[in-house]
Every structure is written in structure tokens, then in C-alpha cells.
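Derivation of every value follows stated rules applied to the coordinates shown; laboratory data play no part. The structure presented is a predicted model; accordingly, all values stated were derived computationally and were not measured. So basically every Cβ, Gly included, is an ideal-geometry build from the backbone, and we count neighbours across all protein chains shown.
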Ligand SMILES: Cc1cc2nc3c(=O)[nH]c(=O)nc-3n(C[C@H](O)[C@H](O)[C@H](O)COP(=O)(O)OP(=O)(O)OC[C@H]3O[C@@H](n4cnc5c(N)ncnc54)[C@H](O)[C@@H]3O)c2cc1C
């Protein structure tokens, strides 16, 4: 009885108004695409009316519309075929027929791709639906301005990625590239603050594992908290440093977020990014940030994940076990019809340039540092330059550069800030691309304390209050940045919940309806 009720509840949840009643009609009616099922599979089953999964599979291969029919890579076909076998559920006796994957991931940003990998590693059949024509979300790159110059569309430098336990656990090779220095923060009227890899204080080295554990676990974070509690003296690290250059580094790193630099959240951001810079650097990625998406997507596809591009999702699709929503929380609200009250982070002005040669910074350390911080709380600019780290980004002798500010409101103001620190900069500009990003794009939610830890949308957890639906994007704990933690946390929660359900005999819609 409990199984039946569960099946009914899940049918309602996924808006499966109709399931096929084979007893009533032999060739249909089939669930429509609007019910969230893959149209190609629906058509195939409809055409075949077959009870035999292998026959269904052969028919998928014959369907000229199906990606398998167009694929020329035999290995890939075989892998997809295996996934499809798992994904197709054919009832021979009973009157319920549902065709779906174990999990659907909405959004192929890096978090969605991480989630897909974790689920595929657990043996699940997974479909990833992405509205754009390429995967990656805010982790994409390309010749955005002119041929031969590769710019990063959004994110560019990866302290959190280099430290990420998620990328390590997935065993992915991301070709991070480090400059001679990690970052420089020049002043117009004094010495330049410099961050280098190597020298982190002992207190930090003792708490870093607990901090990283906290990044990849939802609340309550018992083990991470215990790790921090063992080092009470590490709290001193949060004090404003007496050394003005160290204080400037911390302030600049806090200003990557929209939190007040010396408020509680800002101090934590400033500390964490500065220390991760010392232990892991702020690398960029060889060939462009899109390499990260490619590495994650290739790994997922090699494990049978179906990646469907150009597919915008408007309602929660059907899945046998879980749906991971790896979009921002407001898109989650649109898709689920839920009212979302999360404050966005501020609007951002983003600039990319192609330049005739490397930038003539007045402060010498800035010429050896891929990341340069400019200004302070009222006029902060985060600037990146690649040629010293990655020769694939620009033709020899030229430069590719990137910057954004959520304080300055125009491209002119940002360029004036750069020109003040590097007279002659403007004369080097060959081409520029200016983007005015709406609020909420960088961190997918404010980084202020009122949206952190247990205050993240669903109490710092990936469960959304909708059964089987998880939030796995940067809108969830631990927030923005490229580290894969929200996707990891959501997928782990889905797998754990499915094993608990299986133990209780409630493991899937199709099996529960038998
Ligand atoms: C300009 C900029 C600069 C940044 N710089 C850095 C940096 O240097 N270092 C760093 O670590 N972080 C940086 N960040 C932050 C970081 O890039 C993001 O926090 C992170 O990439 C978010 O990843 P995500 O997978 O959660 O979401 P996203 O990357 O936003 O991916 C969400 C995906 O879901 C898709 N999608 C949305 N709605 C739907 C739908 N209805 N149907 C199907 N698909 C849908 C989107 O197309 C997108 O591909 C930057 C961000 C921006 C915008």
C-alpha cells in the first residue's frame, strides 16, 4: 500500500498525467514530451510497442532523429546503448510503462557536470539537459574577440578549483597553469602587495583540511566543525592583519565577493582566498576555462551520461530516482513554481581585451602576476592577464586580458582604473568585449552572511523540500566559485537517499508500480 501511494505521489510530482496503459491500447497512448520524457525514446517505444528492451534499443539506432543514429563513434554508441538499456524500463505484465533515466540533471555548468559524474559512478543512468549549445555555464572560453586570442567567458582563475577535493576525488586532470606570482595588488602611492605560493601560517595548514571538508559537506558539518574546534587559536587568523600589505591582500580577496571586506563573511572570504593562494595558487587553465567543462563532460560521457544540448527545461522532468537542478535558485523557482527569496549578488561589468603586447604596469610585481587587484572597496577591479602563463591564449608577443567589477558601473571607469596603474594600456587595446551582467550572475546569490552556511536556500542542504529534487548549483552551499562542491553534495545526497529508499523497498517509480 505504501508503495502504491509513493508511486502516485511521484507521478503527481513529475506531472506525469498519463502513463501508458498497454492493457488498454497496444500502441499507445504514450506519455507526451510535455510529461518530461525524452521525445526520441517515447517515439521509439510508441512505434515499436515492444516489450523487449533490446528491441527498443535497436529501434533507437534506427531512429534518424536520435543522436545514436548520427553518431559515427562505435565506442560511444556502445556506451550510450548500455545507458539506454538501463534507462528503458519496459513492463511486460502490468499496465504501467514509463521510460526514463535514473537521474536528470538540469544545467551543464561545472556543478551539473560534477553531479552527473558522481551519479554515473554510482551506476545510475543519467541525462543532462542544457539550454545552451555547449556545456560549461560560467566555465567556458573561446575566441570571443578575434582569432588567435582565447578569452574566458566568465570565470578565469581558480584557487578553489586547485584546492577542490571534488576534482581530486573525480580524478580529473585539469591543466592548471601558475604564474611566477599568485597575485599583485598595487597602490598608486605606495608599495605593491604581493601574494606568493609557499608560506602559509601553521595555524592555517592545520585547519585547511577541515575548511575543505566543510566546503564539500552539507549541514550539519560535524566533522569539519570538530576539526576546527581542535585548533581554537586559528580564530586569530580572522583578525585584521597589522601589516598593511597583508591587510590589502585580504581586503582585495574579500572583494571578490559582495560581502563587506571586514564584516564576518568578508573576513572569512579574505582569509580563505589569501591562504588558498599561498597553498594552491590562483591558476588559470591551459587553453581556456572551457577546458574544465570539456574534461568533466568527457568523463561523464565516457561513463554513459547522455548530454543533451540546446534543451531548456521548463518543468521538473521525470526521473526514476532524482532530479538535480544545477541552475541558479531563481531558475529553480521558475521551473518548480516556487517562490524564492534569495538576494542576488550585485550586477557586474565584465570586460575582455585583446592587446598588442603585455601590459606596462607601473608596479613591477604586477608584470609577473596573472591576477592583479586594483583599487579598494569603492572602486575595486579584479584583473587577469594570461600570456605569461599560457602561450595558447594569444599570438607570440601579444596579450589577452579579462576584468570585472561589481563596484564600478562602466567599461570606461574600469579602463580608467587600469590606465591609472599602467599608463599606455589604452593604446594597446586591439579589441574589447563588454558585458553588463545582471545581478546574481557571479555567485548565484549574495555572499553576505545572511545567505551563508545554514542560511543558504534550504538550510545549507541540497534537498529542496520536493521529494527527489535537489539543488546542485552555486546557489546552494558552499556557494559561488569553481570547485564543484554543490554538484557533488547534491549527487551524494541523491545516492544516499536512493539507497535508504531501496533498503525500505521504495526505490523507484517503475519498480514500485509492479
Ligand atoms: C563573470 C564571472 C567571473 C567569475 N570569475 C570566477 C573566477 O575567476 N574563479 C571562480 O572560481 N569563480 C568565478 N566565477 C564564479 C563561478 O564561475 C560560478 O560560481 C560557477 O561557475 C557556477 O557554476 P554552476 O555550475 O553552479 O552554475 P552555472 O555555471 O551558471 O551553470 C548553470 C547552467 O545551467 C544552465 N541552465 C539554466 N537554466 C536552465 C534551464 N531551464 N534548462 C536547461 N539548462 C539551464 C545554464 O545555461 C548553465 O549552463 C565567476 C562568475 C562570473 C559570472
Check your understanding: How much length, in nm to one decimal, is gained on full extension between residue 133 and residue 226, taken as 0.36 nm per residue of separation minus their Cα-Cα distance?
Key -> 29.1 nm
**Study point:** Rg in Å to one decimal, and Dmax rounded to a whole Å, for region 201-248 via C-alpha atoms
**Key:** 12.5, 36
Review point. In what sequence, highest mean first, do 351-359, 365-373, 200-208 appear when ranked by Cβ atoms within 10 angstrom?
Key: 365-373, 351-359, 200-208
Exercise for review: Starting with the highest mean, order 174-186, 318-330 by the number of other Cβ atoms within 10 Å, averaged over the residues of each peptide.
Suggested key: 318-330, 174-186
Review point. Over all pairs of distinct alpha carbons, what does the Kirkwood formula give as the hydrodynamic radius of region 393-473, in Å?
Key: 16.5
Review point. Using the alpha-carbon centroid of each, what span in Å lies between region 232-296 and region 106-162?
Key: 23
Study note, to complete from the structure: Protection proxy (average C-beta count within 10 Å per residue), highest first, orders 341-347, 147-153, 247-253, 129-135 as 247-253, 147-153, 129-135, 341-347
Practice item. Report, in whole Å, the centroid distance computed from the Cα atoms of region 335-413 and region 424-468. Key: 15
Study note, to complete from the structure: Whole-percent tail of the Cα-Cα distance distribution for region 101-236, cut at 19 Å, equals 69
